[in-house]
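Below is one structure, written out as C-alpha cells, with a few remarks after it.
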Amino acid sequence: PVLLLGDLRSAFLYLALILGAALAFCAVGYWDGLQSGAPTITGSMLKEELKYVKDLVTVEYRYTNAGKAEFPRYKNIPFTDKSFIAIYDGVIKYGVDLSAVDIRVNEAARRVTVAIPASKLVSHEIDEKSFQALDEKNGLFNQISIDDVTEFRQNQKDEMEAKAVERGLPRQA
C-alpha cells in the first residue's frame, strides 16, 4: 500500500506541474496580447478579405415568363413556317463587384472609408428544369432546331433584363 501511495503522489505531482506550465503559458500569451494593444487594420488587409467574396448580391428577382418564337417561311416556300411557345422560370441578380471596392484607413482619425461602385447585373439564369414547350409547329422541311431554341432563350433573357431595368432593380440594388 505504501508503494501505491507513492506512485499516486508522483502522478499528482506530475499533473500539477503540467497544469502549472499550461497556466503559465496562457498567462504569458494573455499578457503579450494586453501589451500589444488593439489590432492594426489596414486597407490592404480589408481588400484581401473582400477579394474572395467577389460579388455581393443585393437584389434577387425571380420570375416566370412565357414567350412565343416565330420563324418565317423557308425561302418563301408555303407551309415551311415554324413556331413554338415556351414557359420558363429565371433569376436575375443585381449587386456590387467587391473587387472594385476602394478601402481607405485613416489611423489618426480612427476611420475606415469604403467606396462602393454602382450596382450591376451579376447574373441571369434560366432554370433548365422549368423550361417547357407548350406548343410546337414545325414547318415542312423546316424543323425547329437547337439554334432556334438558343436564339429564343437569348432574346427572352434580353427582354427580361430590360423589364428588370424598367422596374428599377439596378437602382434598388
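The values are calculated or read from the model by the stated rules, or taken from the named source; none is laboratory data. Quick caveat, the model's predicted, so the values are computed rather than measured. Note that we place each Cβ from the backbone using ideal geometry, even for glycine, and neighbour counts take in every protein chain shown. Each accessible area value is taken on the protein alone, full model and side chains, heavy atoms only, with ligands, DNA and RNA left out. Shrake-Rupley method; radii C 1.70, N 1.55, O 1.52, S 1.80 Å.
Going by accessible surface with a 1.4 Å probe and the largest first, PHE84, PHE79 read PHE79, PHE84.
Positive end of the dipole of region 126-173 (Cβ unit charges, origin at the Cα centre): among PHE141, SER130, MET160, the Cα lying farthest that way belongs to MET160. Of the listed residues THR80, THR58, the order by accessible area with a 1.4 Å probe, largest first, is THR58, THR80. When the listed pairs LYS75/LYS129; LYS68/LYS120; LYS68/LYS157; LYS82/LYS163; LYS93/LYS163 are checked against a 23 Å cut-off, the alpha-carbon distance exceeds it for LYS75/LYS129; LYS68/LYS120; LYS82/LYS163.
Only protein heavy atoms count here; under a 1.4 Å probe, VAL122 has an accessible surface of about 40 Å².
Accessible area per residue (1.4 Å probe, heavy atoms of protein chains only) ranks ARG73, ARG171 as ARG171, ARG73, with the largest value leading.
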